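Okay, so here's the structure we're looking at.
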Amino acid sequence: MFKGLGGLGDMAGMMKKAQEMQTQMADLQEKLETMTVVGESGAGLVKATATAKGVLTGLDIDPTIFNPTEKEVVEDLILAAIKDAQAKAADRAQREMGELTEALGLPKDMNLPF
């Protein structure tokens with residue numbers, strides 16, 4: 001296509017690939033906002049729902065854990081569920097990014113800005 005132009009043909013191909021990657025990353029960003037993960041603690045007594053971007057969207061607490069004398073236990077369970085959801089969100093985002101970079105022919109563990 002660009003014969004006789006030296007390295008410009010390669011440069012045009014690289015630019016096209018970069019534009020494709022930028023579009024796919026933007027699509028992935030939108031997708032991560034709608035993907036959800038659920039973290040839990042206390043054998044499922046507390047569940048925290050978050051987007052794959054780590055934004056907390058819901059909290060489900062089994063009413064049986066509400067005992068006024070065990071306030072700290074309830075607080076710990078809530079924090080543990082939120083931390084679990086955030087960890088799962090980070091893992092999901094990393095997996096999705098790895099799949100995208102691999103599909104683009106880049107190393108799966110390449111750290112791209114998110």
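The values are calculated or read from the model by the stated rules, or taken from the named source; none is laboratory data. Computed from a predicted structure; not experimentally measured. Please note: Cβ atoms are built from the backbone with ideal geometry, for glycine as well, and neighbour counts cover all protein chains shown. Protein only, heavy atoms only, side chains kept; ligands, DNA and RNA dropped before computing areas. Shrake-Rupley method; radii C 1.70, N 1.55, O 1.52, S 1.80 Å.
Here are the numbers for the structure shown:
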quantity: 222 nm mean residue ellipticity, helices alone, for the chain (DSSP H n ≥ 4; -39,500 (n - 2.57); rounded to 500); calculated: -19000 deg cm²/dmol
quantity: Column: log10 I(q)/I(0), Debye, Cα scatterers of the chain, q = 0.15, 0.18 Å⁻¹; calculated: -0.73, -0.89
quantity: Exceeding the 25 Å Cα-Cα cut-off - candidates Lys47/Lys108; Lys17/Lys108; Lys53/Lys108; Lys31/Lys108; calculated: Lys47/Lys108
quantity: Efficiency of FRET from Cβ geometry, Lys17 and Glu99, R₀ 22 Å, rounded to 0.05; calculated: 0.85
quantity: Carbon + sulfur, % of accessible area of the chain - ligands and nucleic acids excluded, 1.4 Å; calculated: 57 percent
quantity: Set of lysines with alpha-carbon distance to Lys16 below 19 Å, sequence-local pairs under 8 removed; calculated: Lys3
quantity: Average accessible surface area per residue within the chain, 1.4 Å rolling probe, Å²; calculated: 68 Å²
quantity: Additional length obtainable on full extension of the chain from Leu56 to Thr36, 0.36 nm per residue less Cα span; calculated: 6.3 nm
